[in-house]
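Please read the structure below before turning to the comments.
No value in this document is a laboratory result; all are computed from the given coordinates. Bear in mind the structure is a predicted one, so any value in this text is a computation, not a measurement. Neighbour counts are summed over all protein chains in view; Cβ atoms, including those assigned to glycine, are modelled from backbone coordinates with ideal geometry.
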Amino acid sequence: MISKSTSFRFLRNLFRNLYFLMFLNGFLLASMFYFRMQSTYEQGLFATIKTSIDNSLDTNDTQDSILLKAMATCHNLMSSRAPVFGGTQVLGPSADFFHATSVDLQTTQGACGSYSQVMALILKTYDYPVRIAQMKAGGTWAAHNIVEVQTGHGWVVLDPTFDTHFVRPDGHLASFADVHNDWKYYSRQVPKDYDPQYRYEDVRYSNWTKIPILFPAAKGILNLILGKAKADTISVRTWFLKVYSIYFYIVLFLYIPIFLFTLRRLIQTKVFPDPNIPFTIRNLIKYMLPVIRQSTELTR
């Protein structure tokens, strides 16, 4: 069995090796380029969708009607792809590991989860506050996912999977609470293909039991800081709608200290007469000045 001290020495020697450090820098740079490229592509996709919706608007459109046109666009885009990709099992790391919202848009593999992700990101391009809601049905949480968006008259509920919305007696879009409190009234507004088990029994916005210890602890802290009522409305999934951007900044966060460490090792190895000489400002100036002078003379 390899001891901890042996493993530590191996890692220490590995990170003192310039060839490995140069490889690691290159890998991280390539990763950042890939994530930035994918992020830009995804941003372009959703900007194009927004432009398409904007082109369908006219002067008679209200905030509610804009939301409904956005939902109809989302539903039409995704429902046409569902029969094609419904049975696909392997799409590579973009779908299995990164699982970006652009993949949900293209494949609809997550069913109602995919519809809600895409709908939420479309609405975010309009700068609407959104949250993805996990509906309870038949006693089971997350039986169906929907989207809630904050408008001038409060939070309203949209179901892009069925292209369904609910209208209150006053003509405004209804909230989850409205539908929950009077399902008999609002059930008359669902389309023919609607699944009757989704009766708006209850809702949650995050599964705080998904990762034991960590998630419950985080929820406890949020309860103390924000208050339980507000913490209960936090939708964690909406934080990860632009997953490629998140990965880019994570890798950037890792890259900066590794780059600086590599630069330090490079100077110690190539500039200092002995790589074991302490890396201090005084030594850096002492050994860099001759190199700078020599380079200046060569360029004359």
List, in the order given, every pair from LYS50/LYS136; LYS136/LYS242; LYS50/LYS192; LYS69/LYS184; LYS136/LYS230 whose Cα-Cα distance in the structure shown is over 22 Å. LYS50/LYS136; LYS136/LYS242; LYS50/LYS192; LYS69/LYS184
Working from the alpha-carbon coordinates of the stretch 56-204, get Rg over Rh, Rh being the Kirkwood radius. 0.97
Please give me the summed charge of the neighbours of ASN283: other residues whose Cβ is under 13 Å from its Cβ, Lys and Arg +1, Asp and Glu -1. +2
Which order do peptides 30-37, 53-60, 212-219, 116-123 fall in by mean Cβ count within 10 Å, highest first? 116-123, 30-37, 212-219, 53-60
Taking the Cα centre as origin and putting +1 on Lys and Arg beta-carbons and -1 on Asp and Glu beta-carbons, what dipole magnitude results for the chain, to the nearest 20 debye? 2020 debye
The chain - percent relative contact order, Cα under 8 Å, separation 6 or more: 18 percent
Compute the distribution of all C-alpha to C-alpha distances in the stretch 180-300, in bins of 10 Å from 0, and list the percent of pairs in each, rounded to whole numbers. 10, 18, 18, 15, 12, 11, 7, 8, 2
Assuming a viscosity of 0.692 mPa s and a temperature of 37 °C, what translational diffusion coefficient in µm² per second does Stokes-Einstein assign to the stretch 1-75, Rh being the Kirkwood radius over Cα pairs? 192 µm²/s
Across the alpha-carbon set of the chain, Rg over Rh with Rh taken as the Kirkwood radius works out to 1.15
What full-extension length gain, to one decimal in nm, is calculated for ILE234 and LEU11 as 0.36 nm per residue of separation minus the Cα-Cα distance? 76.3 nm
Would you work out the Kirkwood radius for the stretch 254-299? I mean one over the mean of 1/r across all pairs of different Cα atoms, in Å. 11.5 Å
Between GLN197 and ASP54, what is the label-point separation in nm under the 7 Å Cα-to-beta-carbon projection? 4.1 nm
Set the Förster radius R0 to 35 Å, insert the Cβ-Cβ distance between LYS270 and TYR41 as r into 1/(1 + (r/R0)^6), and round the FRET efficiency to 0.05. 0.35
Which of the lysines could be linked to LYS286 by a straight reach, that is with a Cα gap under 27 Å, when you skip same-chain ones fewer than 8 residues away? LYS270
What residues have an amide H closer than 5 Å to that of ALA143, excluding those fewer than 5 places away on the same chain, when H is modeled at 1.01 Å from N in the peptide plane? MET135, ALA137
